[in-house]
Amino acid sequence: MIRKVKGTRDILPPESRLWQAVEAEAVRTFGAFGYDEIRLPLLEPTELFVRGVGEGTDIVGKEMYTFTDRKGRSLTLRPEGTAGVARAYIENGLGQRPHPLRLFYAGPMFRYEKMQRGRYRQFSQIGIELLGAATPEADVEVLLALHTYLGRLGFDDLVILLNDLGDPEDRAPYVARLKEELGPHREALCADCRRRWDENPLRILDCKVERCREIVSGTTPIAETVSAEARAHVDRVRELLETLGVAVRPAPRLVRGLDYYMRTVFEVVSPALGEHAVICGGGRYDRLIADLGGPAVPGVGFAIGEDRLVDVLPEAYCRRVLEVPFVAVVPVGAAAAAAQALAQRLREAGVRTEVEVSGRSLRAGLKWAAKTGARVAVIVGEDEAARGEAVVRDMAAGEQRTVTVDALVEAVEPLLEADGGADDGH
RNA sequence: GUGGGCGUAGCUCAGCUGGUAGAGCACAGGAUUGUGGCUCCUGUGGCCGUGGGUUCGAGCCCCAUCGCCCACCCCA
C-alpha cells in the first residue's frame, strides 16, 4: 500500500467542511476589513527564507524542505507566508499602489519537524499582512481583525498574549543585559537553556522548566529596556485595544522564533491544546522588506495555524457547519428521469439534494436515505411521475404526503427548517 | 535531535503455557417484489506492519526494520 508522506494528512469529509467554513469566514471577515487575497507560490528560492526568516532560526536551520532543481538552483517549500508576501511586494512593485496595502493569504506551509498533535510537516496557515503603515493604529487594526475573526468562529476562551520586543537596535544591548542578570544562575539553568545561552538567549525567557522560570522571573523584561519610541508605540497599541474592548494579556517573556519581528509581537494560545499550542502568532516587521532588498516599508501581520484552529473549534460552530439538512430523492421503478428533474427543482431553490442512483429498491433506498441522514425523502414512482406528483416524507416524523411537482419546494422547505435533532444519533 | 508507548478486518478490539484467524460496529443484500431507523438471516472484507531467526508448527518467543502516537525541543 502506498501511504501518505509522514507529516501530511488527508482531510476527509465531513471534516473538510470545517476547513471550508473557516476559510470562507476568513475571506468574509478580513474582506470586511479591506483585505484581499494574495496567492503565492509554494516554491521559492531558498535565499528568500535564509535572508527573510533568519539564518539562526530553527525554521531555516533545520526545518526547511530544500532541494536543488534540475538546473542546480536551490529551492525551498515555503515554511511560512510573510517572506513570500514581502518578496511579491518588491517584485511586483506593489509600492506603487495606494498604501497601506491589505493582503490576506491561506494555504499550506512545510516544515520538516518530528510530528505530534497539532504539528505537521505540511500544515496550513491563514494570515493577513498590513503593509505600509508604521503606526500603532495599524497594529490595532490587525489585532482587531484577529479578534473579530476568532469571535465569529465562536471562540470565547482564547487570549491574545502581547509583548514588546523593541527595535532591532534594542536587541543586542538587551541580550547582553539578560546574560549579565542570568550569569550568576547560569549553572542552574536546564540543559536546553545552557545550549540556548549562545544559540538564542532570548528563548531562555520562554523556557517551561520550573527552575528556569524562577530564575527568569528575576530578570528585567525586554519591554522595560527598549527605546522610548518602541515603548510608546506598544503602549499606545494596548491603550487602543482596551478602548475597543479587545482583551489582551501582557506577556513580558513572550519572544518569537522568527528574526524579523520587532516592537509588537503577539500569540494566541488555546487552553484546549495546552500551553504550547499556539494557534496564531504575529507581530510587526518594519525591516523585513528592506532587508530583502526592497524599499523601507513597514508591515504588521499574523498567521493562524488552520490545523490547530479547526482542531479546537467550538462545538456549537462545528454542529452548525456539519449539520446541513438535505433531501434524498428515491425513484421507484422507471422514474429516474423524474427523480433527477425533481432534484433539479430543489437544487435551484438552494436545497442540497442527493438522488438515489444505485438502482436500489424503495426499501433499500429509504434505508440509504435514513443512513446518510437525509431530513426529507422525496419518493417518485411511475404513477407519481405520470400525474406530475411526488411523495414528500419527513424522515424524523415518519409522515408523508403527496404533493404536485409545483408545490414540491414549498412542501420540503419547512421540513428542513426544523432542528431535526431527533434523527440519526451517535 | 532526545525520551516513552503502540502496530491483528474500514473502525474499536479479543486471541489461553506457541497448534493453520475471531467479535462488535460499519458496509452490501434479503426477510417486507412501493416505504427507513428496531429485529433476524446472509454476504464483502486480514500475506496478523515488513523482513529474518528459533520451532514439527509463530498473531503469540527473539532480532532487525518501517510506520503511528505521546512528551521534550521548536513552532502555526
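The values are calculated or read from the model by the stated rules, or taken from the named source; none is laboratory data. All values derive from a computational prediction rather than experimental measurement. Cβ sites come from the backbone with ideal geometry, for glycine too, and all protein chains shown count toward neighbours. In case anyone asks, the SASA skips ligands and DNA or RNA and just uses the protein heavy atoms, side chains included. Shrake-Rupley method; radii C 1.70, N 1.55, O 1.52, S 1.80 Å.
Take the Cα of A:LEU322, go 7 Å toward its beta carbon, and the backbone nitrogen atoms of segment A:1-42 under 16 Å from that spot belong to A:11-22. Using the Cβ-Cβ distance between A:ASP69 and A:ARG28 with R0 set to 51 Å, the FRET efficiency works out to roughly 0.85. Dipole magnitude for chain A: computed about the Cα centre from +1 point charges on Lys and Arg Cβ and -1 point charges on Asp and Glu Cβ, it is near 1420 debye.
Helix A:336-348 and the longest principal axis of the Cα set of chain A meet at an angle near 50°. Sequence-distant contacts, meaning Cα pairs under 8 Å at least 6 residues apart, place the relative contact order of chain A at 15 percent. Label sites at A:ASP156 and A:LEU43, each approximated as a point 7 angstrom past Cα along Cα to Cβ, lie 4.8 nm apart. With the simple spin-label model, which puts each label point 7 Å out from Cα in the Cβ direction, the A:GLU315 to A:CYS190 separation comes to 3.3 nm. Rounded to the nearest 10 degrees, the inclination of helix A:228-244 to the longest alpha-carbon principal axis of chain A is 30 degrees. Ranked by the mean number of other Cβ atoms within 10 Å of their residues, highest first, the peptides A:385-397, A:30-42, A:292-304 come out as A:292-304, A:385-397, A:30-42.
Placing a label point 7 Å from the Cα of A:ALA386 along the Cα-to-Cβ line, the residues of segment A:312-351 whose backbone N sits under 14 Å from it are A:333-335. Extension gain, A:LYS114 to A:ILE2: 0.36 nm times the residue separation minus the Cα-Cα distance gives 38.2 nm.
Which whole-number percentage describes the relative contact order of segment A:39-121, with Cα contacts under 8 Å and a sequence gap of 6 or more?
Across segment A:39-121, relative contact order equals 32 percent.
When the surface is traced with a 1.4 Å probe over the full set of protein chains, A:ARG102 keeps roughly 70 Å² accessible. Sorted from longest to shortest, the spans of the Cα atoms of chain A along the three principal axes equal 90, 50, 49 Å.
Segment A:ALA296..A:ASP36, full-extension length gain: 91.4 nm, with 0.36 nm per residue of separation and the alpha-carbon distance subtracted. The stretch between A:VAL175 and A:GLU242, if pulled fully straight at 0.36 nm per residue, gains 21.1 nm over its current Cα-Cα span.
Solvent-accessible area of segment A:324-417 (1.4 angstrom probe, protein heavy atoms only): carbon and sulfur portion equals 47 percent. Calculated accessible area for segment A:324-417 comes out at 51 Å² per residue, all protein chains present (probe 1.4 Å; ligands, DNA, RNA ignored). Please give the residues of segment A:243-268, grouped as numeric ranges, whose backbone N is less than 16 Å from a label point set 7 Å along the Cα-to-Cβ vector of A:GLU224. Only A:250-254 fall inside the zone, counting backbone N under 16 Å. Compared with the dominant principal axis of the Cα atoms in chain A, helix A:15-32 is inclined by about 60°.
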